[in-house]
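Student: Before I ask anything, here is the structure I am working with.
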Amino acid sequence: MEVIEKNFNNIDDLEMLDIGCGLTSILNIIDFGKKYGVDIGVHKLSTEGFDLNKDIYWIAGDGEYLPFENDSLDIVFSTNSLDHIPHPKKCLKEIKRVLKHNGLFFLIIDIFSKDRGYRNKKHPNSLTSEEIKKMLSDFKIFKEIAMDEEPVGVSNYINSKQKRKSKSVKKDNKTSLFLICTNSPTK
Ligand SMILES: C[S@@+](CC[C@H](N)C(=O)[O-])C[C@H]1O[C@@H](n2cnc3c(N)ncnc32)[C@H](O)[C@@H]1O
């Protein structure tokens, strides 16, 4: 939040998108601005009877084809979703396209010591920190935090609100990386 307040004058005017938001979207704990959540599984969530937070504009969509104009969003989040998307580079290109020039991109992702490629149906990618940073060459990374805990603290919080059992996280050689990027290239 501190980073957001420092980078923008009027946080109530911000337009924010969470890609692969799921029910546990970080947008649930943001109480300012206009909030969009894109997820390929939105219909499934609503048909399964989950309460979708009414402060969020839920959009059934694919992170590789974002239904937003160029330069239209102030902030994009991807927490624990980029490795769920078949072509992460394509998604990052879309994020670059929709973010405003001074926009911020918050990325939280599982990382591995070696690229293990396809992990399972839900995780078509398992990337290393170096691979992710290479993919982010069109952005400028200005904050990097390595994490060895459950990547999204918010998931547990929301799970308890939704009265769902939070899953314990099995540790293999996986850790997580939290990057905050601006929409300007490193080159
Ligand atoms: C592990 S959940 C993360 C949910 C939430 N962002 C969080 O941090 O708790 C991954 C989400 O990515 C979504 N997803 C998978 N492929 C996607 C795609 N191509 N486009 C958009 N969302 C996708 C899934 O439906 C799922 O809700």
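Student: Looking at the structure I just gave you, is Asp110 touching a helix residue (DSSP H, G or I) at 6+ places or on another chain (Cβ under 8 Å), assigned to a loop (DSSP other than H, G, I, E, B) and over 15 Å from Ile19 (Cβ atoms)?
Tutor: Working: touching a helix residue (DSSP H, G or I) at 6+ places or on another chain (Cβ under 8 Å): yes; assigned to a loop (DSSP other than H, G, I, E, B): no; over 15 Å from Ile19 (Cβ atoms): yes.
No.
Student: Within the range 121-162, how many residues are outside any loop (DSSP other than H, G, I, E, B) and modelled with pLDDT under 80?
Tutor: Start the filter on the range 121-162 by keeping residues that are outside any loop (DSSP other than H, G, I, E, B), which leaves 123, 129-135, 140-147, 153-161.
Subsequent filtering for residues that are modelled with pLDDT under 80 retains 147, 153-161.
Selection size over the range 121-162: 10.
Student: Next question, about the same structure. So, Lys44, is that one outside any loop (DSSP other than H, G, I, E, B), within 14 Å of the ligand (Cβ to nearest atom), surrounded by 13 or more Cβ atoms within 10 Å (Cβ to Cβ) and basic (Lys, Arg) or not? Steps first, please.
Tutor: Values: outside any loop (DSSP other than H, G, I, E, B): yes; within 14 Å of the ligand (Cβ to nearest atom): yes; surrounded by 13 or more Cβ atoms within 10 Å (Cβ to Cβ): no; basic (Lys, Arg): yes.
So Lys44 fails the test.
Student: Another question, if that's okay. Could you list, in sequence order, the residues of the range 2-18 that are more than 16 Å from the ligand (Cβ to nearest atom) and not in a helix (DSSP H, G or I)? It would help to see each step written out before you state the result.
Tutor: Going through the range 2-18, the residues more than 16 Å from the ligand (Cβ to nearest atom) turn out to be 2-15.
Within the range 2-18, Phe8, Asn9, Asn10, Leu14, Glu15 meet the criteria.
Student: Hey, another quick one. For the range 64-114, which residues satisfy the criterion of being within 12 Å of the ligand (Cβ to nearest atom), surrounded by fewer than 23 Cβ atoms within 10 Å (Cβ to Cβ) and aromatic (Phe, Trp, Tyr)?
Tutor: Tyr65, Phe106
Student: Something else about it: Take Cys21 and tell me if it is of a type in the set (A, V, I, L, M, F, W, C), assigned to a helix (DSSP H, G or I), surrounded by 20 or more Cβ atoms within 10 Å (Cβ to Cβ) and within 15 Å of the chain's Cα centre (by Cα).
Tutor: Working: of a type in the set (A, V, I, L, M, F, W, C): yes; assigned to a helix (DSSP H, G or I): no; surrounded by 20 or more Cβ atoms within 10 Å (Cβ to Cβ): yes; within 15 Å of the chain's Cα centre (by Cα): yes.
Taking the combined requirement at face value, the residue does not satisfy it.
Student: Only one residue in Lys54, Lys100 is assigned to a strand (DSSP E or B) and more than 15 Å from the chain's Cα centre (by Cα), so which one is that? Working first, answer last.
Tutor: Working: Lys54 fails: assigned to a strand (DSSP E or B).
One residue alone meets the criteria, Lys100.
Student: To continue, here is another question. Can you confirm whether the range 47-54 contains a residue that is at pLDDT 95 or above and either more than 9 Å from the ligand (Cβ to nearest atom) or of a type in the set (S, T, N, Q) (or both)? Can you show your working first?
Tutor: First pass over the range 47-54, keeping only residues at pLDDT 95 or above: none.
Scanning the range 47-54, I find no residue that is at pLDDT 95 or above and either more than 9 Å from the ligand (Cβ to nearest atom) or of a type in the set (S, T, N, Q) (or both), so the answer is no.
Student: Determine, yes or no, whether Phe68 is under 24 Å from Ser184 (Cα atoms), over 15 Å from the mean Cα position of the chain (by Cα) and aromatic (Phe, Trp, Tyr). Reasoning before the result, please.
Tutor: Values: under 24 Å from Ser184 (Cα atoms): yes; over 15 Å from the mean Cα position of the chain (by Cα): yes; aromatic (Phe, Trp, Tyr): yes.
Spelling it out, Phe68 is indeed under 24 Å from Ser184 (Cα atoms), over 15 Å from the mean Cα position of the chain (by Cα) and aromatic (Phe, Trp, Tyr).
Student: I would also like to ask the following. Within the range 25-41, can one find any residue that is of a type in the set (Ser, Thr, Tyr), near the ligand (Cβ under 7 Å from one of its atoms) and in contact with a helix residue (DSSP H, G or I) (Cβ under 6 Å, 6 or more places away or on another chain)? I'd like the intermediate steps shown before the answer.
Tutor: Step one: of the range 25-41, the residues of a type in the set (Ser, Thr, Tyr) are 25, 36.
Narrowing further to those that are near the ligand (Cβ under 7 Å from one of its atoms): 25.
Keeping just the survivors that are in contact with a helix residue (DSSP H, G or I) (Cβ under 6 Å, 6 or more places away or on another chain) gives none.
Scanning the range 25-41 turns up no residue that is of a type in the set (Ser, Thr, Tyr), near the ligand (Cβ under 7 Å from one of its atoms) and in contact with a helix residue (DSSP H, G or I) (Cβ under 6 Å, 6 or more places away or on another chain).
Student: Related question: Any residue at all in the range 91-110 that is among the aromatic types (Phe, Trp, Tyr) and under 24 Å from Leu14 (Cα atoms)? Before you say what the answer is, go through the steps one by one.
Tutor: Going residue by residue through the range 91-110, those that are among the aromatic types (Phe, Trp, Tyr) are 105-106.
Going one step further and asking which of them are under 24 Å from Leu14 (Cα atoms), we end up with 105-106.
Looking for residues that are among the aromatic types (Phe, Trp, Tyr) and under 24 Å from Leu14 (Cα atoms), one finds at least one in the range 91-110, hence yes.
The values are calculated or read from the model by the stated rules, or taken from the named source; none is laboratory data. All of these numbers come straight from a predicted model, not from anything done at the bench. Neighbour counts run over all protein chains shown; Cβ positions are idealised from the backbone, glycine included.
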